[in-house]
Amino acid sequence: MNSRSAASGRPGTATSAVHAGCPEPRPGGPVVQPIVRSSTFHWAGPGDGLDLRYSRYGNNPNQLSVAGKIAALEGTEAGLALASGMAAISMTILSSAGPGDHVVASRHLYGATHALLSGELPKRGITTTFVEPSDPAAWEAALTPRTRVVLIELPTNPTLRVFAIGPARRAARSAGAILAADMTFATPVNIRAAEHGVDAVIHSATKYLGGHSDLIAGVVAGSPELIAAVTKMMKLYGGSIDPGAAWLLERGMRTLPARMDRHNRTAHALAHWFTRVGGVRSVIYPGLADHPDHEIATRMLSGYGGMVSIVLDGGGEAADRFCADLRLAAPAPSLGGVETLVSQPRHTSHVDLGREEREALGIPDGFVRISVGLEDLEDLKADFRRAAEAVFAHG
Ligand SMILES: *Cc1c(COP(=O)(O)O)cnc(C)c1O
């Protein structure tokens with residue numbers, strides 16, 4: 001990964017991250033495209049060959065830069081930037097499914113995606129069957145004649161499960177449905193999902209693509225036909241991205257490969273280190289040999305990602321004290337930024353579930369999710385070591 005594809009002559013990931021989607025250089029022109037605040041654009045009249053330009057349509061120059069960059073990074077023909085990750089997910093589903101139609105989705109999904117599919121879309125006549133994605137037969141078994149979308153997410157939050165894409169892809173193909181994948185935790189640096197047959201590659205760009213915890217955005221990458229259909233939904237439901245956010249996102253994406261390289265390495269080292277820290281009962285990271293999906297992650301991903309989860313002895317009370325004692329890592333929801341953040345699913349994504357339900361999902365109380373940032377490894381270790389000693393040194 002991160003290398004030129006010699007056969008295709010296509011630029012590598014790092015080169016695409018810097019240059020793709022940017023306007024052609026011209027003498028005297030700015031090296032960095034300015035933020036184009038204009039909501040509308042001069043129209044030369046019938047026959048000028050240009051579509052109408054209007055920023056809700058997603059064809060503002062800053063929006064187009066992000067679209068071009070995500071397409072290059074994912075290796076697809078087209079891309080689209082939207083107002084949020086949820087706009088990307090909901091517009092993608094609505095572009096393919098209408099009343100009476102059906103979705104087959106992994107049961108391991110981001111909370112809001114699950115709520116959209118289980119609580120909201122049924123009101124619009126779109127139903128979903130949730131399947132266990134580690135069971136290859138489950139996808140095919142859940143299909144109906146009206147299945148239009150098959151949806152998978154990986155690695156999952158917060159147990160970092162990595163599932164094979166093949167069974168979901170075969171089910172989607174046999175149903176004539178699109179295969180959509182939320183690849184937020186992986187990023188195109190760690191896997192290019194379109195190469196695995198995913199039709200709609202979706203990211204919450206709020207996370208790693210933006211990378212600095214300073215914007216809300218989403219992206220979709222896929223074929224020109226798919227992106228046109230999603231764009232149509234975006235125009236009608238009004239989910240386009242503000243040009244200022246698009247500019248910030250495009251800037252963040254330029255350093256995505258460099259950041260991911262370091263997120264991958266620091267998280268891997270930290271995960272190994274945590275296995276030897278007193279009071280840490282278990283460490284969950286796809287790069288560790290005891291992770292249930294270690295082999296498949298090793299085969300599919302070119303990096304194990306920047307997220308590490310740990311389970312502390314002493315349950316929720318110990319985890320509360322541990323998080324409160326951190327000085328460098330900060331308790332906050334969200335992930336994928338330059339700064340290290342910690343959160344407990346029992347207070348955030350899984351707050352509505354009971355303790356037993358969470359435990360059945362592999363999220364016992366004492367579970368702490370860590371979004372490993374770009375700080376020095378030694379400083380992070382020192383912070384986590386001190387907090388662990390404060391909680392566990394006195395038994
Ligand atoms: C954050 C997140 C989303 C939602 O993205 P927003 O940008 O907050 O709308 C969707 N999927 C995953 C995996 C996420 O982490």
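Counting neighbouring beta carbons within 10 Å and listing from fewest to most, the residues Ser16, Ser118 come out as Ser118, Ser16.
Note that the range 112-122 has calculated 3J(HN,Hα) couplings of 5, 5, 4, 5, 4, 6, 8, x, 9, 5, x Hz, one per residue in order, obtained from phi through the Karplus relation 6.51 cos²θ - 1.76 cosθ + 1.60 (θ = phi - 60°); glycine and proline are x.
By the helix-only formula, in which each DSSP H run with n ≥ 4 contributes -39500 (n - 2.57) and the sum is divided by residues, the chain has a 222 nm mean residue ellipticity of -11000 deg cm²/dmol. Panel order for Arg358, Arg161, by other beta carbons found within 10 Å of each beta carbon, from fewest to most: Arg358, Arg161. Of all the options Leu116, Leu312, Leu179, the one that moves most in a Gaussian network model of the chain with Cα springs shorter than 10 angstrom is Leu116. A simple charge model with +1 on the Cβ of Lys and Arg, -1 on the Cβ of Asp and Glu and nothing else charged puts the dipole of the range 9-160 at about 420 debye relative to its Cα centre. Using the Stokes-Einstein relation with a Kirkwood hydrodynamic radius computed over Cα pairs, the translational diffusion coefficient of the range 6-136 at 4 °C and a viscosity of 1.567 mPa s comes to 71 µm²/s. With kT/(6 pi eta Rh) evaluated at 4 °C and eta = 1.567 mPa s, and Rh the Kirkwood radius from Cα pairs, the range 207-252 diffuses with a coefficient of 112 µm²/s according to Stokes-Einstein. The DSSP beta bridges internal to the chain are antiparallel in roughly 55% of cases.
Only Cα sites of the range 221-364 enter the Debye sum here, all with the same form factor; the resulting log10 I(q)/I(0) across q = 0.09, 0.14, 0.15, 0.22 1/Å is -0.41, -0.91, -1.00, -1.38, listed in q order.
Per the Cα gyration tensor, the chain maps to an equivalent ellipsoid with semi-axes of 35, 26, 19 Å, ordered largest to smallest. The calculated FRET efficiency for Trp43 paired with Ser174, based on their beta-carbon distance and R0 = 41 Å, is about 0.35.
Only Lys, Arg, Asp and Glu carry charge here, each on its Cβ (+1 for the first two, -1 for the last two); on that basis the chain has a dipole of about 740 debye about its Cα centre. Computed from label points 7 Å out along Cα-Cβ, the spacing between Ala324 and Thr144 is 4.9 nm.
Placing +1 on each Lys and Arg Cβ and -1 on each Asp and Glu Cβ, with no other charges, gives the range 248-288 a dipole about its Cα centre of roughly 80 debye.
The order of Asp101, Asp376, going from fewest to most other C-beta atoms within 10 Å of their C-beta, is Asp376, Asp101. Out of Arg192, Arg355, Arg251, any idea which swings most in a Gaussian network model of the chain, alpha carbons joined below 10 Å? In the Gaussian network model the winner is Arg355.
The distance separating the Cα centre of the range 16-39 from that of the range 216-287 comes to 23 Å.
Once Lys and Arg get +1 and Asp and Glu get -1 on their Cβ, which of Val230, Ser204, Ala246 lies farthest toward the positive end of the dipole of the range 160-270? Of the options given, the answer is Ser204. Most tightly packed first, judged by the mean number of other beta-carbon atoms within 10 Å of their residues, the peptides 315-321, 327-333 read 315-321, 327-333. If you run the Gaussian network model on the chain, springs between alpha carbon atoms under 10 Å, then out of Pro25, Pro11, Pro99 the most flexible one is Pro25. Projecting the Cα atoms of Gly47, Ala14, Gly100 onto the charge dipole of the range 1-148, computed from C-beta unit charges around the Cα centre, puts Gly47 farthest toward the positive end. Projection of the Cα convex hull of the range 267-342, averaged over all directions and equal to a quarter of that hull's surface, yields 5.6 nm².
Read-outs: derived from the displayed coordinates by stated rules, not from any lab. On a predicted model such as this, the values are computed, not experimentally measured, just so you know. No Cβ is skipped: glycine too gets one built from the backbone with ideal geometry, and neighbour counts run over all protein chains shown.
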